[in-house]
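Each remark here refers to the structure printed beneath this line.
The values are calculated or read from the model by the stated rules, or taken from the named source; none is laboratory data. Note that this is a predicted model, so its numbers are computed, not measured. All Cβ positions, glycine included, derive from the backbone under ideal geometry; neighbour counts span all protein chains shown.
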Amino acid sequence: MDQHTLKQRAAIAGADYVLTHVPKGAVLGVGTGSTVNVLIDTLVAQKAFERYFRGAVSSSRATTALLESHRIPVFDLNQVDALPLYIDGADEIDPHGQMIKGGGGALTGEKIVAMAAEAFVCIADVSKYVPLLCRFALPVEVIPMACAALSRRFAARGGAPTLRRMPDGAPYLTDYGHQVMDVAGLKMDVPQALERELSAWPGVVTVGLFAQRRADVCLLGTPEGVRTITCTKPHA
Ligand code: 5RP
C-alpha cells in the first residue's frame, strides 16, 4: 500500500477525531503538510467548518492559503482565547508522542500553535512511527547570520548540518524569513533534554523536536487500518 493512501487513512481518522472530540463552535488548530492537506479536504467535504467549528488557527502560510481557498475563517492566534485541539503530521513520532517536525519548514508556527492548544493529535502514516527518534535529520530554524557558527557547533556536538536549499540553490526561507539547517546524526535518546539544550543556543529560532510539547494521541495509517496510540509519558 502506498504512503499517500496511508496518509489518507490517518487524515480521515483525524477528521473523525476532531468532529467527535472538539466542542461545537470551537476554533481548531491546524498544522502543515500533505497529511494535513487531506485532513482539510476531508473536513471541507463534511462541511465541518460550516456546521461545527468557528474557524481555524493556522500554523503556516501554506495552510492559511489552503484554508482560505475553502473560505474557512482563519484567526490570528492572538484573537483566540482557547484552542481545545491542535492536529498536525510529523516526520517521526515515538510511542511517547515525541516528534521530529519541520520537514515542510513550518516548525516555528507549528510549535507556537501546538503550545497554545490543550491537546495535540498527530496524524501520520506508519512509516513515521519509530521506537526512538533517530532517522530523520533534525530541522532547526536559524537566524541567517548565525549559520556558520551554528554549523560548527552542531558538528562539535556530533551532528552533520546541511543548509536547506531551494531547487535553484538559494537558501530556503521560512515564513519568518529565517533559514533551516537539517542536522543528521544527533543522538536523540533524551529528546526533551536535547530540545532544551539546542533551543538555548544563540541564533536558534526553533528546534524541530517536539518533546516538551509532545502529541497526546497519534492516529497511524497502517495497511491493516488506523491504529490509535495514546502516547505514554516518557521516563524521567
Ligand atoms: C511540516 C511538518 C509536517 O507535519 C511533516 O513534515 C509531515 O508532513 P507530511 O504530512 O507531508 O508527511 O512538520 O513542517
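Checking each residue in the range 198-236 for being outside any strand (DSSP E or B), under 13 Å from the mean Cα position of the chain (by Cα) and surrounded by 22 or more Cβ atoms within 10 Å (Cβ to Cβ) picks out GLY208, ALA211, ARG214, ALA215.
Those residues that are of a type in the set (Gly, Ala, Ser) and touching a helix residue (DSSP H, G or I) at 6+ places or on another chain (Cβ under 6 Å), I need them from the range 49-66; list them, please. Scanning the range 49-66 gives ALA56, SER58, SER59, SER60. Residues in the range 168-216 that are at pLDDT 95 or above, in contact with a Leu (Cβ under 8 Å, 6 or more places away or on another chain) and acidic (Asp, Glu): ASP182, GLU195. When PHE53, PHE49 are checked against the criterion of being over 27 Å from HIS178 (Cα atoms) and in a helix (DSSP H, G or I), a single residue qualifies: PHE49.
Evaluation of GLY105 against the conditions (1) more than 12 Å from the ligand (Cβ to nearest atom); (2) in a loop (DSSP other than H, G, I, E, B); (3) not β-branched (Val, Ile, Thr) shows that the sole unmet condition is (1). Do we have any residue at all in the range 82-93 that's within 16 Å of the ligand (Cβ to nearest atom), more than 17 Å from GLY221 (Cα to Cα) and in a strand (DSSP E or B)? Within the range 82-93 (the criterion being within 16 Å of the ligand (Cβ to nearest atom), more than 17 Å from GLY221 (Cα to Cα) and in a strand (DSSP E or B)), the answer is yes, since at least one residue qualifies.
Output yes when any residue across the range 2-21 is within 16 Å of the ligand (Cβ to nearest atom), more than 22 Å from ASP216 (Cα to Cα) and of a type in the set (S, T, N, Q), and no when none is. Yes, that holds for at least one residue. Residue-level check: of (1) in a helix (DSSP H, G or I); (2) away from the ligand (no atom under 11 Å from the Cβ), LYS24 misses just (1). Note on the range 27-44: among residues that are more than 14 Å from the ligand (Cβ to nearest atom) and outside any helix (DSSP H, G or I), the one that is farthest from the chain's Cα centre (by Cα) is VAL27.
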